[in-house]
Each structure stands twice: as C-alpha cells, then as structure tokens.
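The values are calculated or read from the model by the stated rules, or taken from the named source; none is laboratory data. Please read these numbers as outputs of a predicted model, since none were measured by experiment. Calculation scope for accessible area: heavy atoms of the full protein, side chains included, ligands and nucleic acids excluded. Shrake-Rupley method; radii C 1.70, N 1.55, O 1.52, S 1.80 Å.
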Amino acid sequence: MISYQKRIRDLREDSNKTQKEIAHILGTSQTMYARYERGASELPIRHLLALCSFYHVSADYILGLTDSPTPYKR
C-alpha cells in the first residue's frame, strides 16, 4: 500500500506546484506542508478534504486505499 505522504507529493509534483503553493491553498505554512509530505506531522482531515477537492481525487486514493483516483459515484 502506498503512503499518503508519497501520494500527496506525487500529486503536487504531477501538477507542477510547489510546496508553498499547496500550503497557501491549505492555509498553512510551507514548513508545515513539508512536514506532511515527510510524515513528520499527521495530515489533518480538513487538509485531506481540501487536497481531494483541489486535485479532484478521492480520499481513499490519497490514503492509498485504492489506486483509482476517481471518487466513488453516489
């Protein structure tokens, strides 16, 4: 299973965004966002939801529970 740290880093890099840009979207500092990517701090649920919305992927995808980025249909 892939870690959410790797997944959020890969999503950011694939989008050609910097840590500072993503941190701004989340309303946090670049230092704190870097800690999320390194696994030094846990990703808060509010930031997980914001990342899902920004990247248009499911939380299960970010958390490594599925390899399909598409959110489930309701």
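For the chain, with every protein chain kept in place, what is the accessible area per residue (1.4 Å probe, Å²)?
With all protein chains present, the chain gives 65 Å² per residue.
Using Cα-Cα distances under 8 Å and only pairs 6 or more residues apart, what relative contact order does the chain have, in percent?
Once divided by the residue count of the chain, the mean separation gives 31 percent.
Could you give the semi-axes, largest first, of the ellipsoid that matches the chain, computed as the square roots of 5 times the alpha carbon gyration tensor eigenvalues and rounded to whole Å?
On the way: eigenvalues 73, 33, 26 Å².
Over the Cα atoms of the chain, the semi-axes work out to 19, 13, 11 Å.
How much mean residue ellipticity at 222 nm does the chain get from its helices, if each DSSP H run of length 4 or more adds -39500 (n - 2.57) and you divide by all residues, to the nearest 500 deg cm²/dmol?
Computed mean residue ellipticity for the chain: -16000 deg cm²/dmol.
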